[in-house]
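Reading through the structure tokens given below for one structure.
Just so it is clear, none of the values below were taken in a lab; they were calculated from the coordinates. Predicted model only: the values in this text are computed from it and were never measured. Glycine gets a Cβ as well: all are built from the backbone with ideal geometry, and neighbour counts include every protein chain shown.
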Amino acid sequence: MARTVGSDGARTEDAIRQAAISLIAERGFEAMTLRELAGRVGVQPGSIYRYFPSKARMLVDLLVEHLQFLLGQWEAGRPATDDPVALLRAFVDFHVRLHTLRRREVFVANMELRSLAPADRRRVVALRRRYEDILTDILRAGSEAGAFHVPDPRIATFAVLAMLTGVGSWYREGGRLGRRELVEQYTQLAMQCVGAVDTGSAHRAVNAHEGRRD
């Protein structure tokens, strides 16, 4: 008999989600089987269907959950200011910290769009655009105020996000740089990328969410 995680359905569902993220990150969505997933969690294969009607639906839920988490965390911790420079500092802080803490989720979200059905892909891409729009709005406001110098805020958004998101592919806990130092350097790079008039000292980055940990 398979070992069960416990009678708490919410705990079991969370265990399935976490194991699925790990397996997809390790092997890819197409290579992962529900039997393999059930074995890692310690439940019968049929139990997976109590929480997810199909493997495809599981992937959609994982990607949607990740993006909704990012959007919700940003809104909850967004600084109460209209200063575009302060907002950009806060966004860089938020993005780098979350993308180093949730490296597996980020990897799966970026790599497995290709595995979604067209309608599901449109849903996930719409959420990604909402997240991209946060940065675009900051850069557009800064450009209009003369704080940033970018010819096209949307193109600048893609450039900055590509730079920031890449941190998740190489950052390791216990490496040469801690998150605080990493955020400082990426903040300075982002400010230079958008031609910020007042780049200042990167250590002035605004805290993007309460209770952050270095």
Checklist entry - With the dipole of the chain worked out from charges on the C-beta (+1 for Lys and Arg, -1 for Asp and Glu) around the Cα centre, which of Val160, Leu139, Gln18 lies farthest toward the positive end? => result Gln18
Checklist outcome for this item: quick shape note, the stretch 19-62: Cα extents on principal axes in Å, largest first -> 22, 20, 13
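Which value at 222 nm does the chain reach when only helices count, each DSSP H run of 4 or more adding -39,500 (n - 2.57), with the total divided by all residues and rounded to the nearest 500 deg cm²/dmol? All intermediate terms of the calculation are to be shown ahead of the outcome.
Numbers: 9 runs with 137 residues, N = 214.
Rounded to the nearest 500, the figure is -21000 deg cm²/dmol.
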Checklist entry - If one puts a single equal scatterer on every Cα of the stretch 92-203 and applies the Debye formula without solvent, what log₁₀ I(q)/I(0) results at q = 0.21, 0.23 Å⁻¹? => result -1.18, -1.29
Checklist entry - Put +1 on the Cβ of each Lys and Arg and -1 on the Cβ of each Asp and Glu in the stretch 24-154; which of Tyr49, Gln73, Phe29 then has its Cα farthest toward the positive end of the dipole? => result Tyr49
Checklist entry - In whole percent, what relative contact order does the stretch 7-52 give with Cα contacts below 8 Å and a gap of six or more residues? => result 33 percent
Checklist entry - Given labels modelled 7 Å from the Cα in the Cβ direction, how far is it in nm from Gln185 to Arg27? => result 3.5 nm
Checklist outcome for this item: Beyond 19 Å, the calculated P(r) of the stretch 1-156 holds a percent of Cα-Cα pairs equal to 61 percent
Item to check | Relative contact order of the chain, pairs being alpha-carbon contacts under 8 Å that are 6 or more residues apart, as % | outcome: 25 percent
Checklist entry - To the nearest 20 debye, what is the magnitude of the charge dipole of the chain about its Cα centre, counting +1 on the Cβ of each Lys and Arg and -1 on the Cβ of each Asp and Glu? => result 760 debye
